[in-house]
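The values are calculated or read from the model by the stated rules, or taken from the named source; none is laboratory data. All figures in this text were calculated on a predicted structure; none of them were measured in a lab. All Cβ positions, glycine included, derive from the backbone under ideal geometry; neighbour counts span all protein chains shown. Accessible surface is based on the protein model in full, side chains and every heavy atom, while ligands, DNA and RNA are left aside. Shrake-Rupley method; radii C 1.70, N 1.55, O 1.52, S 1.80 Å.
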Amino acid sequence: MMNNTTAYRGNIFYFNDTASLENLPKHKNDTSNQYVYIEDGILIVKNGKIDGVGSYATYKDKLSDIKVENCGTKLITPGFIDTHQHSTQSSIVAAYGEKLLEWLEDYVFPGERIYADHDCALKDMTFFLDHLLRNGTTTAVSYGPLFYDASDLFFAELNKRNMRFITGNILMDINAPATLKLSTQENYDISKKLIDKWHNKGRLSYCISPRFALATSEAMMELCGELKKAHPDLYIQTHLNENTNEVKEVKKLYPWSKNYLDVYDHFGLITDKTVLGHCIHMLDEELAQIRDSGAIVSWCPISNNFLGSGLFNYERTLKFTDKITLGTDWGGGNSLSMFAVMDDAYKVSMLNNQKLPSMHRWFLATYGAAKTLQIDSKVGNFDKGKEADFIIIDPDASPFLKYRRRGVEDIFELLFILMTLGDEKIINSTYIMGECAYRADK
Ligand SMILES: [Zn+2]
């Protein structure tokens, strides 16, 4: 077997596997061994996996037979994990003037119809995945298309790119236009076929994806519960408590429910592999149930700001659960950059009179998400044997960041200015299992 080994020399940052929201440092004077920051370090990648990491000084005599890529003062760090995005909504991002329910009607549903056409679907999703890699995101929990052919194509594209991805066909059988509505049985049959073909194939995991309680019938949710029972390792994703009008409509449609979360829970959909988008307008009893079930919260601040949905309360949520992650909600969110998400998370927290430290936000977007999604034995940091999904960040690619980083002395401030001022232009390259999947200068 060919020994395919490359060493990357540069500044290295990642979290230790013992890191948690509880024990991460809040500022630079906190002593913590929960992260690793090495100036002039070496990351060794062998056959797609992490083989070693340390300072250049300790490695330099052992590198004679290894190809070394010198990244100078660029930052080498694990790729971002986005836990909520709509792969089919690129064509309607930045749509003017509506809040959630009207926005779905006026923009999203017409936009998602193009996925009935094979060529349009392929073109759109190729653009989407290229753009995702350009933004340094290596893993995502993503809503796929409604239709079988387009969903199959999406899985095939992801498999070709060898990405660790959690996705499934979006399910809608009520309150949708005729051109974008399948029968309950059709939705179920498509899901079964896709599970059989793609779940656990390569680095792919299937995710049962009812759009939200207003677009899926009770019969549909019951079938979702059956799928989960038949395949307990499947993920589930849906939306929860995003918009106050949505919450009122859910109560009207499901008068028997104790609360919004109860609608999903009634059908067995609230589990420790369920990712719940938004979770803004939450009752204490819903947060307690999230805690008890181990379900995962995906906070999507750029989308919440764009659609005027409300301010997620990080500190209140954290009192109940630490299973908090970050999502772009590409579609409602107007950026696929996790820098933008981390930036808006800070600003939303400031509006709530809360300070959200740099390390915590970076953790939510990388290793924290890997832990919460139970994929931390595979990705999320640079421990030996992990899959080598990483990015190289070049702060100097932005003239202002280049100017601003002068005098920045520690990793705390560096992360803060990257999150506040960075965007896709500072992603120099993105690696999937040690293979370069995107490079800015190519
Ligand atoms: Zn969404």
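General observations
- Near pairs, Cβ below 6 angstrom, 6+ apart or cross-chain, from the range 266-294 (without any contact (Cβ under 8 Å) to a residue 60 or more places away in the chain) to any residue that is buried (at least 17 other Cβ atoms within 10 Å of the Cβ) and among the aromatic types (Phe, Trp, Tyr): 270/264; 280/312; 287/320; 291/320
- Flag for residue 377 being more than 16 Å from the ligand (Cβ to nearest atom) and of a type in the set (S, T, N, Q): yes
- Taking the numbered list (1) out of contact with any strand residue (DSSP E or B) (no Cβ under 9 Å at 6 or more places or on another chain); (2) surrounded by fewer than 20 Cβ atoms within 10 Å (Cβ to Cβ) in turn, residue 397 passes all entries but (1).
- Residues (over 17 Å from residue 373 (Cα atoms) and basic (Lys, Arg)) located in the range 317-335: 319
- Residue 204 of a type outside the set (Phe, Trp, Tyr), in the same structural domain as residue 161 (by TED's automatic domain parsing) and open to solvent by 10 Å² or more (accessible area, probe 1.4 Å): no
- Some residue of the range 410-420 being without any contact (Cβ under 8 Å) to a residue 40 or more places away in the chain and open to solvent by 50 Å² or more (accessible area, probe 1.4 Å): no
- Number of residues in the range 326-350 that are away from the ligand (no atom under 16 Å from the Cβ) and closer than 21 Å to residue 240 by Cβ: the value is 3.
- Restricting the range 241-268 to residues that are farther than 20 Å from residue 98 by Cβ and within 16 Å of the ligand (Cβ to nearest atom), the residue that is surrounded by the fewest Cβ atoms within 10 Å (Cβ to Cβ): 260
- Among the residues of the range 80-132, those identified as touching a helix residue (DSSP H, G or I) at 6+ places or on another chain (Cβ under 8 Å) and among the charged types (D, E, K, R) are 82, 98, 99, 112, 113, 124.
- Of the helices (runs of 4 or more DSSP H) lying entirely inside the range 277-334, those containing at least 2 residues that are in contact with a Ser or Thr (Cβ under 6 Å, 6 or more places away or on another chain) span 284-293.
- Exactly one residue among 236, 290 is surrounded by 19 or more Cβ atoms within 10 Å (Cβ to Cβ) and within 16 Å of the ligand (Cβ to nearest atom), and that residue is 236.
- Within the set 108, 141, the sole residue that is of a type in the set (Val, Ile, Thr), assigned to a strand (DSSP E or B), within 14 Å of the ligand (Cβ to nearest atom) and not assigned by TED's automatic domain parsing to the domain that holds residue 419 turns out to be 141.
- Residues in the range 168-190 that are among the β-branched types (Val, Ile, Thr) and within 18 Å of residue 89 (Cβ to Cβ): 170, 179.
- Residue within the range 347-359 that is part of a helix (DSSP H, G or I) and in contact (Cβ under 8 Å) with a residue 60 or more places away in the chain present: yes
- In the set 32, 55, 64, 90, only one residue is within 16 Å of the ligand (Cβ to nearest atom) and either on the phi > 0 side of the Ramachandran plot or open to solvent by 10 Å² or more (accessible area, probe 1.4 Å) (or both); that residue is 90.
- Selection count, the range 375-429, where residues are in a strand (DSSP E or B), more than 18 Å from residue 35 (Cα to Cα) and either in contact with a Phe, Trp or Tyr (Cβ under 8 Å, 6 or more places away or on another chain) or among the small types (Gly, Ala, Ser) (or both): 2
- Those residues of the range 165-201 which are outside any helix (DSSP H, G or I), touching a strand residue (DSSP E or B) at 6+ places or on another chain (Cβ under 6 Å) and open to solvent by less than 10 Å² (accessible area, probe 1.4 Å), in sequence order: 165, 166, 167, 168, 169, 170, 171
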